[in-house]
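Visitor: The structure that follows is given in the form of structure tokens.
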Protein chains: 2
Amino acid sequence: MQKEFLEVKNLYRDKEEYLGKTIRVAGWMRTSRISKKFGFVELNDGSFFKNIQVVVDEAKVDNFKEISKLAISSAIIVEGELVSVDNAKNPIEIQASKIIIEGESDSSYPLQKKKHSFEYLRTIAHLRPRSNTFSAVFRVRSVVAYAIHKFFQERNFVYAHTPIITGSDAEGAGEMFQITTLDMKNPPLTEEGAIDYSEDFFGKETNLTVSGQLNAEIMALAFRNVYTFGPTFRAENSYTGRHASEFWMVEPEITFGDLEDNMELAEDLIKYIINYVLENCPEEMDFFNKFIDKGLLERLNSIVNSDFVRISYTKAVELLIESGHKFDYPVEWGCDLQTEHERFITEQIYKSPVFVTDYPKDIKAFYMRMNEDGKTVRAMDLLVPGVGEIIGGSQREERYDVLMSKIKEMGLHEEEYWWYLELRKFGTATHSGFGLGFERIIMYLTGMSNIRDVIPFPRTPKNAEF
Amino acid sequence: MQKEFLEVKNLYRDKEEYLGKTIRVAGWMRTSRISKKFGFVELNDGSFFKNIQVVVDEAKVDNFKEISKLAISSAIIVEGELVSVDNAKNPIEIQASKIIIEGESDSSYPLQKKKHSFEYLRTIAHLRPRSNTFSAVFRVRSVVAYAIHKFFQERNFVYAHTPIITGSDAEGAGEMFQITTLDMKNPPLTEEGAIDYSEDFFGKETNLTVSGQLNAEIMALAFRNVYTFGPTFRAENSYTGRHASEFWMVEPEITFGDLEDNMELAEDLIKYIINYVLENCPEEMDFFNKFIDKGLLERLNSIVNSDFVRISYTKAVELLIESGHKFDYPVEWGCDLQTEHERFITEQIYKSPVFVTDYPKDIKAFYMRMNEDGKTVRAMDLLVPGVGEIIGGSQREERYDVLMSKIKEMGLHEEEYWWYLELRKFGTATHSGFGLGFERIIMYLTGMSNIRDVIPFPRTPKNAEF
């Protein structure tokens, strides 16, 4: 039956093909203005951001009375002629000859036309995708996910599925969720009285992954260029609008590539994504620019046309100090950059995306490549206006001895990293990679300011609804 | 630096462009046959299934002696002229003028040239992607993942990320993994002595998802056509070669589409995937056909050109009984079809993929649409030769009252399904969907017979290594 119904998207995009013809569409009534003998229904069929207007005339539609009383969000099937109207924005409408009610809604439908707060809409996550804002956000999310795959596959990267359930610890990347099938009430105990994880499902303690990077390195040292794109988790009790407990991450990893290649790849990726979404979601992007974030399109266009700045951490700290600006967190060499610092660099000093490189080793992860100065590592963060850090990456330590002494120095369990170390023994090579928080880039592209509003069913502390 | 190195894939694909030129490549030494003054190295750079042969001549290569002693799997950078050779299979080679050692391997490298069992290779999952078989499997995995996205996005489906962490129960789909941040040793208890999940991270008991379908239905009733593609989990103590604890699933959901549309979509998808992989991975597919499963290409080609059979469950049971074949599990109307039955239908009776539809309601899930006979539901399974069931789906129960009584009849908790029920109140519509096990289709396309060998880092009972 689905082929009987044209998609509203195609009616708009290929209207010349359908004008004057009798067509059928199926969708949901977004609004209805029907008076005694005549009226209009705005129909959205989900295929397209925009609605199509349906003209409902008592003289033509048998069940006019029934239709005129229909509650919004009812599902209907409309048959009629597609005609052109003198309206640049909505140049077509359907003159209905027949309307079939597929599924009635009623007046208790919570998503009435009045404006709702985003907070409220989160409580009706099963209905909010039917609103303009969330229909736009989730379509952009889908299109950007595809753009990311397209970008990497066109460049011959191998998409690597890294495991969600992991037996390794977090490498300090954050708090983890534990996974178990043990009876929490009566867990088996060892003789020493500890939980006996040998009886757990995987025979040891397991957690949800915080990053696929270490596994991605395995794949990169076989396939040269790879990427992951999957869910990652943080069990942090963070209630900010920028943190979710479950989010998607993109992690490319390139071999025979150094930090310069890594930055180039990151810059190409960001620009590719922006161009792709501007080209493929013009209606949604216009909507965001009008109703969510007025400077959005200007900002995105300027980024596509700019060369990203590249400065060292040391230089960044100098500039921040020289600026004389009073920060909540004072700046000195060795400190971790806070969001206020990052935004100052990208928004005030450069007014452009900025790569900051070569951070102090003590504030970065064990696997980042040590520089000759013995003090800094080959790390990079990409800072963008309006958000701050959007990408974090590094050249990886490929030297067995240096990596081993770093693992020991940081008190990590050498035996847990046996395979990671072996990669450095059997044909090691220069390699680099980064992580892009998928939700961060969606927020950046849409202007949405809360991460809960760019995930269809967000998971945050005390919240796993739907 | 990465741009200095051409990809071996491009050398093969665009050889006319590079013949006679001095080029640089970087990769790993797969084999080495170097005698006193002259020899050959097979280099694989990960960009391509095939190696490129490097001619190493003492007269041309400074560090000839060093190179001649190099252990396989060492990473090297090769500079030299690309020349053509009279060999249809490998029409090009590099005459090295310079070889730089990027990272040495040594004789303890476990992946020596001799044939290893797949069981053994699982214990070196950090190295097996460098073998022919696994390089082919994981590249096909990547290409098929992309084909799936491409298929749906070209058809204007919205990619919906459904949650991994879920507060709902399994709907009988299987055992679940529990997620917690509670101290397992001293969990907080309620006054009644039960675990106090209100103190757990999400304020209630949570698990890893077994399916994104119910959430996908939310999205389909807003966007018309959607799909999910993400990890799902089963905590089943199953040690077969067909079951993993963590696997990826593709779940499209279409609105204003019935079971016929659903079957058409499934058939189109399977054919699209097969065509895409045959076109984009010819070298890998030839390899599988030669070394893993001799009938593979013939079988896949025949499927692309066949019309899938569609029969009812009732008819299938009749045919199985009529066949007179002695099954381990006897067949009668009402029984669940076992793999032996499924394979008999698709391999012996029809020698073609077969959709079996309209199963007895008692062996299917609560959300499947009840038929007028009151005994069967609008379910479908797609059975394919060599595997059995590869897709399971249904038309969904869109009628509020029927769904509600089904939920009650099956003893499910009505209040847990409040939003699922509300979808049937506010503009319900005919809709359908199915689930395709991603690993199942990879096994089917490659001829690999153990699911552990199509997942880079598989998770199975008592195993969460790497």
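Visitor: Would you pick out the residues in region A:18-41 that are farther than 22 Å from residue B:261 by Cβ and surrounded by 13 or more Cβ atoms within 10 Å (Cβ to Cβ)?
Guide: A:19, A:29, A:30, A:31, A:32, A:34, A:38, A:39, A:40, A:41
Visitor: Let me ask something additional. Taking region A:116-158, which residues are of a type outside the set (Gly, Ala, Ser), closer than 30 Å to residue B:45 by Cα and facing another protein chain (nearest Cβ under 7 Å)?
Guide: A:146, A:149, A:153, A:156, A:158
Visitor: Which count do you get for residues in region B:97-118 that are in the same structural domain as residue B:60 (by the TED database) and within 22 Å of residue B:287 (Cβ to Cβ)?
Guide: Residues that pass the stated criteria total 0.
Visitor: Further question on the same structure: Taking the residues in region B:86-114 that are aliphatic (A, V, I, L, M) and under 34 Å from the mean Cα position of the chain (by Cα) as candidates, determine which candidate is farthest from the other protein chains (Cβ to nearest Cβ).
Guide: Among residues in region B:86-114 that are aliphatic (A, V, I, L, M) and under 34 Å from the mean Cα position of the chain (by Cα), the one farthest from the other protein chains (Cβ to nearest Cβ) is B:88.
Visitor: Something else now. For region A:304-328, give me the residue count where each residue is over 20 Å from residue A:392 (Cβ atoms) and of a type in the set (Val, Ile, Thr).
Guide: 2
Visitor: In this structure, is residue A:247 farther than 30 Å from residue B:47 by Cβ and facing chain B (nearest Cβ under 7 Å)?
Guide: For residue A:247, the condition - farther than 30 Å from residue B:47 by Cβ and facing chain B (nearest Cβ under 7 Å) - is not met.
Visitor: Any residue in region A:223-235 that is surrounded by 24 or more Cβ atoms within 10 Å (Cβ to Cβ), modelled with pLDDT of 95 or more and of a type in the set (D, E, K, R)?
Guide: Within region A:223-235, one or more residues are surrounded by 24 or more Cβ atoms within 10 Å (Cβ to Cβ), modelled with pLDDT of 95 or more and of a type in the set (D, E, K, R).
Visitor: Another question, if that's okay. Based on what the data block shows, is residue A:205 free of Cβ contacts under 8 Å to residues at least 60 places away in the same chain and outside the structural domain of residue A:150 (by the TED database)?
Guide: Judged against the criteria, residue A:205 is a match.
Visitor: While we're here: Only one residue in A:206, A:162, A:190 is facing chain B (nearest Cβ under 10 Å) and over 28 Å from residue A:265 (Cα atoms). Which one?
Guide: Going through A:206, A:162, A:190 in turn, just one is facing chain B (nearest Cβ under 10 Å) and over 28 Å from residue A:265 (Cα atoms): A:206.
Visitor: Mind checking whether some residue in region B:126-134 is touching a Phe, Trp or Tyr at 6+ places or on another chain (Cβ under 8 Å), assigned to a loop (DSSP other than H, G, I, E, B) and under 25 Å from residue B:457 (Cα atoms)?
Guide: Checking region B:126-134: at least one residue is touching a Phe, Trp or Tyr at 6+ places or on another chain (Cβ under 8 Å), assigned to a loop (DSSP other than H, G, I, E, B) and under 25 Å from residue B:457 (Cα atoms).
Visitor: In this structure, is residue A:186 surrounded by fewer than 20 Cβ atoms within 10 Å (Cβ to Cβ) and either under 25 Å from residue B:188 (Cβ atoms) or within 24 Å of the chain's Cα centre (by Cα) (or both)?
Guide: Here the answer is yes, as residue A:186 does meet what is asked.
Visitor: While we're looking at this one, here's another question. Would you confirm, using the coordinates I've provided, whether residue A:240 is more than 10 Å from chain B (Cβ to nearest Cβ) and either within 27 Å of the chain's Cα centre (by Cα) or charged (D, E, K, R) (or both)?
Guide: In short, yes.
Visitor: Could you tell me whether residue A:295 is out of contact with any Ser or Thr (no Cβ under 8 Å at 6 or more places or on another chain), on the phi > 0 side of the Ramachandran plot and surrounded by fewer than 14 Cβ atoms within 10 Å (Cβ to Cβ)?
Guide: Spelling it out, it is not the case that residue A:295 is out of contact with any Ser or Thr (no Cβ under 8 Å at 6 or more places or on another chain), on the phi > 0 side of the Ramachandran plot and surrounded by fewer than 14 Cβ atoms within 10 Å (Cβ to Cβ).
Visitor: Could you tell me whether any residue of region A:152-163 is more than 20 Å from residue A:250 (Cβ to Cβ), modelled with pLDDT of 95 or more and among the hydroxyl-bearing types (Ser, Thr, Tyr)?
Guide: Checking region A:152-163: not a single residue is more than 20 Å from residue A:250 (Cβ to Cβ), modelled with pLDDT of 95 or more and among the hydroxyl-bearing types (Ser, Thr, Tyr).
Visitor: Go through the residues of region B:353-368 one by one and say whether even a single one is within 14 Å of chain A (Cβ to nearest Cβ) and buried (at least 18 other Cβ atoms within 10 Å of the Cβ).
Guide: Looking for residues that are within 14 Å of chain A (Cβ to nearest Cβ) and buried (at least 18 other Cβ atoms within 10 Å of the Cβ), one finds none in region B:353-368, hence no.
Visitor: On the given criteria, is residue B:3 within 8 Å of another protein chain (Cβ to nearest Cβ), crowded, with 16+ Cβ neighbours inside 10 Å and part of a helix (DSSP H, G or I)?
Guide: Taking the combined requirement at face value, the residue does not satisfy it.
Visitor: For region A:292-317, which positions are more than 20 Å from the chain's Cα centre (by Cα) and assigned to a helix (DSSP H, G or I)?
Guide: Those that are more than 20 Å from the chain's Cα centre (by Cα) and assigned to a helix (DSSP H, G or I): A:298, A:302, A:313, A:314, A:315, A:316, A:317.
Visitor: Turning to a different aspect of this structure: Being touching a helix residue (DSSP H, G or I) at 6+ places or on another chain (Cβ under 7 Å), surrounded by 21 or more Cβ atoms within 10 Å (Cβ to Cβ) and not β-branched (Val, Ile, Thr) is the filter here, so list the residues in region B:262-286 that pass it.
Guide: Correct list: B:269, B:281, B:284, B:285.
Visitor: How many of the residues making up region A:378-405 are surrounded by 22 or more Cβ atoms within 10 Å (Cβ to Cβ), among the acidic types (Asp, Glu) and over 12 Å from residue A:366 (Cα atoms)?
Guide: Number of matching residues: 1.
Visitor: Another question about this same structure. Which is surrounded by fewer than 23 Cβ atoms within 10 Å (Cβ to Cβ), out of contact with any strand residue (DSSP E or B) (no Cβ under 8 Å at 6 or more places or on another chain) and within 14 Å of another protein chain (Cβ to nearest Cβ), of A:462, A:408?
Guide: Unique residue meeting the criteria: A:462.
Visitor: May I ask you to verify whether residue B:94 is of a type in the set (Val, Ile, Thr), over 16 Å from residue B:12 (Cα atoms), outside any helix (DSSP H, G or I) and in the same structural domain as residue B:19 (by the TED database)?
Guide: no
Visitor: Further, regarding this structure: Scanning for something at the interface with chain A (Cβ under 7 Å from one of its Cβ atoms), under 28 Å from the mean Cα position of the chain (by Cα) and over 30 Å from residue B:430 (Cβ atoms), does region B:223-235 turn up at least one residue?
Guide: Yes, region B:223-235 contains at least one residue that is at the interface with chain A (Cβ under 7 Å from one of its Cβ atoms), under 28 Å from the mean Cα position of the chain (by Cα) and over 30 Å from residue B:430 (Cβ atoms).
The values are calculated or read from the model by the stated rules, or taken from the named source; none is laboratory data. The model shown is predicted, which means the values in this text are computed figures rather than measured ones. Cβ coordinates were reconstructed from backbone atoms using ideal geometry, including for glycine residues, and neighbour counts include every protein chain displayed.
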